[in-house]
Amino acid sequence: MKVMLSGGGTGGHIYPALALADIIKEKEDDAEFLYVGSFRGVEKNIVPKTGMPFKQLHVQGFKRSLSMDNVKTVWLFLKAVKQAKKVIRDFQPDVVVGTGGYVSGAVLKAAQELHVPTVIHEQNSVAGVTNKFLAKNATKIGIAFPDAQAFFPKEKTELIGNPRAQEVAKMQSDFSWTTYGLSDDKKTLLIFGGSQGAPAINLATLAAIPAFNERDYQVVLVAGPKRIDHFMDLLKEQGKTLSDHVKVLPYIENMPAVMQKATVLVSRAGATSIAELTALGLPAILVPSPFVTGDHQSKNAKSLVDAGAALAIKEPDLDGNSLVKAADALLQNDAQAAAMKGQSKQVGITDAGDRFYALIKSVIKN
């Protein structure tokens, strides 16, 4: 099997594609891959490290306001489609898989015009611009949330989940909280606003420090490598100190391994985070980012809240009091935490990679 993958801009588009590739490798030793990304997106830093062949195209997104940049965007898109056709003819894939981002729009559009089977994957509850553009001529569409079905033709759309969930569910963690001077025998609240941290979550945690210092559960904040100094400066300015069971870290390298040892997670409601936490059956307090297209994180979070798998706090309502109240509700109430853990596991699709593989196999011409 020869598979061309394309997705870019954010890790949420890239990691599902890479997780899918790993699943396919397990099933087909002779599978070949080519990843096509952009020059602007973070895929240029992530994909080459995997050893997968990688090619780049020049693309950019549309401005929401009237702008001459949009003329350039259209010109770059048409040029990228032409370049992608050459890449496709050279590689001769059996299928082209797109996981979102502007670059996948050009690549899958080229594949569709060349009559190569295409599969798109939508990670969020609300479909992205690129996937909606590609849907009409896509061969098959895989979705991670049932709510996303409303955006696509029903007859060729399947609920498959996010392959990142299967990857995380299979991980065996030997992580110990003693690494950070904490105990493995205590309940732990892990607060994570993304790899760079989230200012609103950091500030709410800062306000909650006096209360967290008095709790019998542990608290770990991952503030972000570029934001931890500011956090510690504010902590000092406000005359606050951290008790021995409250830690502030800049970054955690292997977050899924650490998540397996947490009792409750506070996080944004991005597709990858939700795939990981539901794969682990981890109770969560979700703080959707208000700065994303279509407010899709709020809708992602609502899916989990409606299922009884998470609590959610809107960013305007997030402060020290609301954060502590939600944390106490799960860390001081074993029955509620257990119920939420069970619901989280039910929501998680831990065979998502297998489902994605089966979807791809169904479109390949024998």
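The values are calculated or read from the model by the stated rules, or taken from the named source; none is laboratory data. All of these numbers come straight from a predicted model, not from anything done at the bench. Cβ atoms come from the backbone with ideal geometry, glycine included; neighbour counts cover every protein chain shown. Surface areas here come from the heavy atoms of the whole protein model, side chains and all, with no ligands, DNA or RNA. Shrake-Rupley method; radii C 1.70, N 1.55, O 1.52, S 1.80 Å.
Annotations
- Crossing angle, helix 352-363 versus the chain [Cα axis fit, 0-90 degrees, rounded to tens]: 10 degrees
- Accessible surface, the chain, averaged per residue in Å² (probe 1.4 Å): 46 Å²
- Table column - 3J(HN,Hα) (Hz), the stretch 54-60, Karplus curve with 6.51, -1.76, 1.60, x for Gly and Pro: 9, 10, 10, 10, 8, 9, 8
- Taking L331, L189, L249 in turn, the Gaussian network model of the chain (Cα-Cα springs below 10 Å) assigns the largest fluctuation to L249.
- With all protein chains in place and a 1.4 Å probe, the accessible surface of the chain carries 52 percent carbon and sulfur.
- Simple label model, 7 Å out from Cα along Cβ direction - D184 to D216, nm: 2.2 nm
- Rounded to whole Hz, the Karplus (6.51, -1.76, 1.60) HN-Hα couplings of the stretch 316-325, x for glycine and proline: x, 9, 7, 8, x, 5, 5, 5, 5, 4
- Built amide H within the under 5 Å cut-off of L57, gap 5+: G37, S38, F39
- Largest GNM mean-square fluctuation across D94, D354, D30, computed for the chain with C-alpha springs under 10 Å, falls on D30.
- Derived scalar couplings between HN and Hα for the stretch 43-50 equal 4, 5, 9, 8, 5, x, 5, 7 Hz in order, rounded to whole Hz, by the Karplus curve 6.51 cos²θ - 1.76 cosθ + 1.60 (θ = phi - 60°), x for Gly and Pro.
- What the Cβ-Cβ distance of K82 and N254 gives, at R0 = 30 Å and to the nearest 0.05, is a FRET efficiency of 0.15.
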